[in-house]
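To keep things clear, I will list the structure first and then write my remarks on it.
The values are calculated or read from the model by the stated rules, or taken from the named source; none is laboratory data. Keep in mind that this is a model prediction, so the values were computed, not measured. We place every Cβ from the backbone using ideal geometry, glycine too, and count neighbours over all the protein chains shown.
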Amino acid sequence: MILPFGKYKGRQIEDIPEDYLCWLGKPKYSGAFYKSLHSTELNWKVPLAVTIEARKILEKRGWKLNGTEWER
């Protein structure tokens with residue numbers, strides 16, 4: 001899957017750093033939307049397909065979801 005947004009837009013999701021994958025695979029963000037720290041007007045959600053793919057990759061690499069945080 002190619003990441004359709006963000007810092008790594010256009011790159012294969014398998015090739016992006018694990019810290020970014022952990023962010024993409026978070027189960028919930030505070031509130032219904034993630035709010036950018038750089039813009040007070042931008043509200044958006046990580047697409048569900050991206051979240052699912054990030055979680056699959058993290059689990060394959062030995063990460064486990066503990067509550068709302070990913071751990072090795």
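Quick check on my filter: what residues within the range 52-72 are of a type in the set (Asp, Glu) and either assigned to a helix (DSSP H, G or I) or in contact with a strand residue (DSSP E or B) (Cβ under 7 Å, 6 or more places away or on another chain) (or both)? Steps first, please.
Of all residues in the range 52-72, those of a type in the set (Asp, Glu) come to 53, 59, 69, 71.
Of everything in the range 52-72, those that are of a type in the set (Asp, Glu) and either assigned to a helix (DSSP H, G or I) or in contact with a strand residue (DSSP E or B) (Cβ under 7 Å, 6 or more places away or on another chain) (or both) turn out to be Glu53, Glu59, Glu71.
Counting residues in the range 16-37 that are polar (S, T, N, Q), at pLDDT below 85 and either closer than 16 Å to Asn66 by Cα or outside any helix (DSSP H, G or I) (or both) gives one or more. Of all residues in the range 37-61, those that are small (Gly, Ala, Ser) and surrounded by 11 or more Cβ atoms within 10 Å (Cβ to Cβ) have Cβ atoms under 7 Å from Cβ atoms of residues that are at pLDDT 90 or above and not in a helix (DSSP H, G or I), 6 or more apart or on another chain, in Ala54/Gly25.
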